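To start, the structure itself, in structure tokens.
A short reminder: the numbers here are calculations on the coordinates, not readings from a lab. All values derive from a computational prediction rather than experimental measurement. Positions of Cβ are backbone-derived with ideal geometry, glycine not excepted, and every protein chain shown enters the neighbour counts.
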Amino acid sequence: MSGDFGNDFITISDDDGNEFELEHIETTEIDGQYYMAFLPTDMDEGDDNFGLIILKQVGREGEETLTTLDDDNELAFAFERFTQLLSDGELL
């Protein structure tokens with residue numbers, strides 16, 4: 001992601017077909033796996049209780065896709081990594 005032009009936005013769909021727009025704030029590598037952190041675009045400005053969304057980048061048939069983290073330990077580890085970057089002032 002290039003900070004020169006601002007953050008990227010993506011639209012994702014849940015299992016029920018509902019669409020959500022997310023703002024990509026950071027990508028980090030953990031043990032050779034890439035994780036991407038997003039914020040919902042509909043959150044209130046200045047809301048300290050935001051919902052950080054973490055998705056994992058996976059390759060399928062030569063194409064990169066994003067998937068949820070189903071393993072609670074993996075999710076907790078990735079969340080800790082991103083919150084550390086936030087508290088260090090390296091994000092947002």
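Annotations
- The slack in the chain from Leu75 to Asp31, taken as 0.36 nm per residue of separation less the alpha-carbon distance, amounts to 14.5 nm.
- Residues Asp88 and Thr68, FRET efficiency given R0 of 35 Å [Cβ-Cβ distance, rounded to 0.05]: 0.85
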